[in-house]
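Single-structure report; data block below.
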Amino acid sequence: MTRVWKWNRPVTVREVLEDLQQERSIAYTTVMTVLDNLHQKGWVRREAEGRAYRYEAVSTRAAYAAALMNEAWSQSDNQAAALVAFFGMMSPEQREALRDAVRMVQGPETSTSENAPAETAVGESAGENAVHENPAAAKGRTGR
């Protein structure tokens, strides 16, 4: 998926192969199999072009990351403790990005309140948006 997101347009197996071969040796059939698996899982769509397919990401990398975080968080037996531990691992820059995201999700009517709880906005709206943006996440699949 990283290579498909990197190109940010429909790509062929050959293009992904040539990109990967700059770093390591890999077989055409391996790339083709991985892209086919991603298609079957709903992470990429493909369109025939001659005898080949062009593959395009169904969702953004951000939606994928959100689905992974939501999956991990939902499997916790103590979600509040998991969030506290996760926030404790964040750098100051990441915590600032979280504050910015909460302000965006809460909207203009609550964005003036600097002390609004992060759990409400992040737990409800952000998770919903990730699922709507990524059909595979709605089916409980993360593309791994």
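Nothing in this text is a laboratory measurement; each read-out follows from the coordinates by a stated rule. Because the structure is predicted, anything quoted here is derived from the model rather than measured. Here the Cβ is made from the backbone with ideal geometry for all residues, glycine too, and neighbour counts use every protein chain on show.
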Exercise for review: Compute the length gained on full extension between ALA85 and TRP5: take 0.36 nm times their separation in residues and subtract their Cα-Cα distance, giving the result in nm to one decimal.
Suggested key: 25.8 nm
Revision key, fill the gap. Amide H contacts under 5 Å for VAL58, restricted to residues at least 5 apart in sequence or on another chain and with H modeled in the peptide plane, are VAL44, ARG45
Review point. With each label point set 7 Å from Cα along the Cα-Cβ vector, what nm distance links THR30 and GLU56?
Key: 2.9
Review point. What is the percent of Cα-Cα separations in the range 2-57 that go past 13 Å?
Key: 56
Exercise for review: Would you mind computing, in nm to one decimal, how far apart the modelled labels at GLN21 and ASP77 are, each placed 7 Å from Cα along Cα→Cβ?
Suggested key: 5.1
Study note, to complete from the structure: Listing GLU93, GLU15 by rising number of other beta-carbon atoms within 10 angstrom, fewest first, gives GLU93, GLU15
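Please arrange LEU17, LEU98 by counting, for each residue, the other beta carbons lying within 10 Å of its beta carbon, fewest first.
Listing LEU17, LEU98 from fewest to most nearby Cβ atoms yields LEU98, LEU17.
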Review point. Taking amide hydrogens as modeled 1.01 Å from N in the peptide plane, which residues meet the under 5 Å criterion relative to TYR53, leaving out close sequence neighbours?
Key: VAL13
